[in-house]
Amino acid sequence: MSPMNPSPMNPSPMNQPPMNCDLFRRSLRAYLRGDIPEPAFGVMVEHEAECDECRRVVTEMTAEVDHVGELSFAAVAAAETSESDLRGTDSRASDPQRLDLGSLLGLTTGADCAYVEQRLGEAPEEPLTKDLLRLVDTHLEACPSCRQLRDVLEDLPRWYATLPVLRADRAFKAEVLRRTLGPEPGFWDVLRALWRRPEAVWEAAVACALVTFILFGSAVGRRAAESELPNRASLQGVGSAVGSAVVRGIDDGASRAGRVARAPYTLVRDGFDGLHGFSSHASSWMERVVTNFRTGDYEELLNDLRVVLEPIGLYPDPAVRTADPATETAVDPAPSDAKTETPREDGTQ
Amino acid sequence: MRTDEELFDLCRQRDARAWELIVERYQSKILNLSYQFCGNKDEARDLAQDVFIRLYQTIDHYESGRTFKTWLYSMARNLCIDHYRRRKKDRRVVDTPVDEFRDLEGGGESQDRTLAKRERSDLLHKALDTLGTISREAIVMKDFQDLSLEEIARTLEVPVGTVKSRISRARVELGKAILRSERTVQS
């Protein structure tokens, strides 16, 4: 049967009849063989999907079709019979050569091409039996178009390899997650999630205590630094008194433990002292810088900057700073002379 | 490592990390499936994202006994086919951008070979575009995605025999379309 013949299973696309169970089952063998062209094939697929009864029939028939070549052998046998009928003899009884199905298939046209194409299409999954292979080979020898098709089908993996393989990047995943789970959680969302944990209360308490201590401690330190000795002394006095009392109490039990216990207090006191010294130093330096800048005393300003920049290596060497290409060769390379001429080194100037 | 089904069960309990893992595991496969259906990189990206969004929206409809992969592929297939049918109305020749070939090329490959590969890819795209929806999905699922016949049958909810005949028919159609395209180019 040629796929192009007008038949119930090969309707014209323009006047395609509505599919019903009767038409579907009449066309079923051709459908399973793959002999139904589009769009009738699509109509049958849709009917199969919609009709439970027809789907059951398809499932039963599938077992039959899965038995490789059964239908084709039936078709060939039918062709043989009709040829015998035409000759008026039983060719199979009189001439054993007539049983050569390969020759018969090779000599025929139309439907045989469709059959061979179907076998070629399923070849990778369904290796042909020896007999079928012989049938197909015989046909291929006589049919150039099927040979061409076989070559292309065998070459399909190489064709497929030309398609690019895409890789999903991070942006793809981020976009999918954003569109499904919502946007990335903000600061407050994270905070809320953290707060919901059972241990969050203790963590918050410790954090609050720490923050309070830092704020309180710095405020007291600042006040002591601003009001100079009396307050600072009183702070230190209170600290010393408390510390000494604690230390004395502990010393009664164990003097070693007392020394250890005194250490944090001493550390805090030294810290305050250091902080106070540094802040006094820094504020007086800043005042000097601002005053020099306002009065235009740039030499002094440079000297002030030098105090800060030189220890960290950012203040340029005066010899290099003032040198220009013309005078550079005239600079005396002797380091001892240069050192004695540096105004700040010996305190004179 | 957790199975897809275990992860998806966690997703149903709104476990964001499990969902992230599912997306990571299947994003490239679905992206390529979409690309093989629509033949355009940008459209494929949008389509693949839509697949995951649909999957997330219908997360509660998942039947626990069902294979997750089959569920995902059937959803992806439905969306891809819808897209393919819509696009068929204004079908055009897909022009694959050159940058899509960067991943494929080795360092020493010559420009001629790159061009030849691109020509073949264009021909294949043209041939694929001539296929019907059913044939195209058969080719994509079996030959591109390398799903087993049973997986395809479960995804499409048809008998295995039907799947075999569709694949066979689709390959023949594709082979003929390639031959036609080659003849057109040669002439």
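Out of (1) of a type outside the set (G, A, S); (2) in contact with a helix residue (DSSP H, G or I) (Cβ under 6 Å, 6 or more places away or on another chain); (3) more than 7 Å from chain A (Cβ to nearest Cβ), what's the single condition that is false for B:Q49?
Only one criterion is unmet by B:Q49, namely (3).
Can you confirm whether segment B:6-21 contains a residue that is touching a Lys or Arg at 6+ places or on another chain (Cβ under 7 Å) and assigned to a helix (DSSP H, G or I)?
Initially, segment B:6-21 is screened for residues touching a Lys or Arg at 6+ places or on another chain (Cβ under 7 Å), giving none.
The answer is no; no qualifying residue exists.
Select, from A:P198, A:P164, the only residue that is surrounded by 12 or more Cβ atoms within 10 Å (Cβ to Cβ) and either in contact with a Cys (Cβ under 8 Å, 6 or more places away or on another chain) or not aliphatic (A, V, I, L, M) (or both).
On the way: A:P198 fails: surrounded by 12 or more Cβ atoms within 10 Å (Cβ to Cβ).
Only one candidate passes the filter, namely A:P164.
Can you tell me which residue is farthest from B:R86 (Cα to Cα) among those in segment B:52-74 that are among the aliphatic types (A, V, I, L, M) and more than 9 Å from chain A (Cβ to nearest Cβ)?
Pass one, segment B:52-74, residues among the aliphatic types (A, V, I, L, M): B:53, B:55, B:59, B:72.
Next, from what is left, pick out any that are more than 9 Å from chain A (Cβ to nearest Cβ): B:59, B:72.
Details: B:I59: 26, B:L72: 21 Å.
Ranking the qualifying residues of segment B:52-74, first place goes to B:I59.
Determine the pairs where a residue that is more than 17 Å from B:A127 (Cα to Cα), located within segment B:149-171, has a partner that is outside any helix (DSSP H, G or I) and charged (D, E, K, R) with Cβ atoms under 8 Å apart, the partner being 6 or more residues away or on another chain.
Listed pairs, sorted by first residue: B:L149/A:E125; B:K164/A:E125; B:K164/A:E126.
Inside segment B:50-63, can you point out the residues that are assigned to a helix (DSSP H, G or I) and surrounded by fewer than 21 Cβ atoms within 10 Å (Cβ to Cβ)? Break it down stepwise before answering.
So the first thing to find is which residues in segment B:50-63 are assigned to a helix (DSSP H, G or I), and the list is B:50-57, B:59-61.
Selection gives B:D50, B:I53, B:R54, B:Y56, B:Q57, B:I59, B:D60, B:H61.
Taking A:R150 as meeting all but one of (1) surrounded by 12 or more Cβ atoms within 10 Å (Cβ to Cβ); (2) charged (D, E, K, R); (3) free of Cβ contacts under 8 Å to residues at least 24 places away in the same chain, write down the number of the exception.
Looking at each condition in turn, A:R150 falls short on (3).
Can you run down the residue pairs with Cβ atoms below 6 Å, 6 or more apart or on separate chains, where the first is in segment A:295-312 and under 15 Å from A:A282 (Cα atoms) and the partner is at pLDDT below 85 and not in a helix (DSSP H, G or I)?
A:R306/A:Y315; A:L309/A:Y315
For segment A:56-70, check the following and say yes or no: at least one residue is more than 11 Å from every other protein chain (Cβ to nearest Cβ), part of a helix (DSSP H, G or I), at pLDDT 75 or above and surrounded by 16 or more Cβ atoms within 10 Å (Cβ to Cβ).
At the first step, the residues of segment A:56-70 found to be more than 11 Å from every other protein chain (Cβ to nearest Cβ) are A:69-70.
Then keep just the ones that are part of a helix (DSSP H, G or I); that gives A:70.
Filter once more, keeping what is at pLDDT 75 or above: none.
No, every residue in segment A:56-70 fails to be more than 11 Å from every other protein chain (Cβ to nearest Cβ), part of a helix (DSSP H, G or I), at pLDDT 75 or above and surrounded by 16 or more Cβ atoms within 10 Å (Cβ to Cβ).
Just give me the residues in segment B:129-187 being of a type in the set (K, R) and out of contact with any Leu (no Cβ under 8 Å at 6 or more places or on another chain), in sequence order. Even if it seems obvious, please write down each step before you answer.
Quick first cut of segment B:129-187, residues of a type in the set (K, R) only: B:136, B:142, B:154, B:164, B:166, B:169, B:171, B:176, B:180, B:183.
Answer for segment B:129-187, where residues must be of a type in the set (K, R) and out of contact with any Leu (no Cβ under 8 Å at 6 or more places or on another chain): B:R154, B:R166, B:R169, B:R180, B:R183.
The values are calculated or read from the model by the stated rules, or taken from the named source; none is laboratory data. If you're wondering where the values come from, they're calculated on a predicted model, not measured in any experiment. All Cβ positions, even for glycine, are placed from backbone atoms using ideal geometry, and neighbour counts span all protein chains on display.
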